[in-house]
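The block underneath contains the structure these notes are about, expressed in structure tokens.
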Amino acid sequence: MIKKCLFPAAGYGTRFLPATKSMPKEMMPVVNKPLIEYGVEEAIQAGMTDMCVVTGRGKHALMDHFDKNYELEHQISGTSKESLLTDIRSLIDTASFTYIRQSEMKGLGHAILTGRPLIGDNPFAVVLADDLCVNTDRGVLAQMKALYNQFRCSIVAVQEVPESETHKYGVISGEMIKDDLFRVEDMVEKPEAGTAPSNLAIIGRYILTPDIFELIEQTEPGKGGEIQITDALLKQAKSGCVLAYKFKGQRFDCGSVEGYIEATNYCYANIYKQPSAATPQKTEQKVLEAEVA
């Protein structure tokens, strides 16, 4: 059972300056919830209860959000506004939150390696909060966890993107196992225009086996002078097995202004105005029952 989910959250969010000068980009609200809260909900739906957050300077709001605010709760206790805290209270009661600081920004691979003391020798999920994924049924992590239970190897989530956008992503190619699942044979980080091995781009959802940490330690800085997780994953694919999964659902790139606006409009129309979903505990039980079945 995968119980740990790592959230790399130390980046500066420069594309959203000046808003992110004093506010973590992961705390930017999509309607009335910060981005990272959507990611935590997705992890809990997949049965994960240990949230491990890699933070940086000026990220105290992340820790404050997943904690009780006694003064606020006292002020709105017994009023109609108290119900607005129901979802976040449920998350705090359901999951544990631990934090570690990344002292310098040296790429996603380095951020994941920084989280090693929180993960230990366990398989784990990784969520990049600025990739917001929404589903009417099972979330992306729940889909990937079911695959992990079957194959017991690292898995990356991928989606098809236009060839004109492949230079923005890590891109994979490989052997098709079935329509939505590939065994990775090659993986390139932000390929030059016209050189991408396919149009299957990696998005911010991973399930990783713990040997990835040693592979990251052996990885030299690559594109942009950063330690790329794609380089470590390619080593893992060459020596063992890494799968790429075309997930079911819709993904919004909230690291861009356009994607953030699209996500806000979608969530307002399809989530905020709808009745509340099942509590994370009930949803987790449904996922576990489905896996057993």
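The values are calculated or read from the model by the stated rules, or taken from the named source; none is laboratory data. Note that the structure is predicted; figures quoted are calculated from it, not measured. Here the Cβ is made from the backbone with ideal geometry for all residues, glycine too, and neighbour counts use every protein chain on show.
A few notes on this one:
- Any hit, the range 162-185, residues being among the small types (Gly, Ala, Ser), farther than 20 Å from LYS238 by Cα and buried (at least 18 other Cβ atoms within 10 Å of the Cβ): no
- One residue stands out among those in the range 202-214 that are surrounded by fewer than 21 Cβ atoms within 10 Å (Cβ to Cβ) and out of contact with any Leu (no Cβ under 7 Å at 6 or more places or on another chain): the one that is nearest to LYS145 (Cα to Cα), which is THR209.
- Contacts under 8 angstrom Cβ, first residue in the range 155-179 being without any contact (Cβ under 8 Å) to a residue 24 or more places away in the chain, partner buried (at least 18 other Cβ atoms within 10 Å of the Cβ), 6 or more apart: GLU175/PHE182; MET176/PHE182
- Evaluation of THR166 against (1) modelled with pLDDT under 95; (2) touching a strand residue (DSSP E or B) at 6+ places or on another chain (Cβ under 6 Å) (one fails), failing number: (2)
- Residue within the range 240-261 that is over 18 Å from the mean Cα position of the chain (by Cα), surrounded by fewer than 21 Cβ atoms within 10 Å (Cβ to Cβ), of a type in the set (S, T, N, Q) and at pLDDT 90 or above present: no
- Hits in the range 55-77 (condition: of a type in the set (Ser, Thr, Tyr) and in a helix (DSSP H, G or I)): TYR70
- Scanning the range 103-125 for residues that are over 17 Å from the mean Cα position of the chain (by Cα) and either crowded, with 22+ Cβ neighbours inside 10 Å or closer than 18 Å to TYR12 by Cβ (or both) gives SER103, GLU104, MET105, LYS106.
- Within the option set LYS273, LYS223, LYS235, being among the basic types (Lys, Arg), surrounded by fewer than 20 Cβ atoms within 10 Å (Cβ to Cβ) and modelled with pLDDT of 90 or more holds for one residue only, LYS235.
- In the range 21-32, the residues that are among the acidic types (Asp, Glu) reach residues that are not in a loop (DSSP other than H, G, I, E, B) with C-beta atoms within less than 8 angstrom, at least six apart or across chains, in these pairs: GLU26/PHE7; GLU26/PRO34; GLU26/LEU35; GLU26/ILE36; GLU26/LEU62.
- Qualifying residue in the range 74-81 (condition: in contact with a Cys (Cβ under 8 Å, 6 or more places away or on another chain), aliphatic (A, V, I, L, M) and farther than 24 Å from GLY259 by Cα): no
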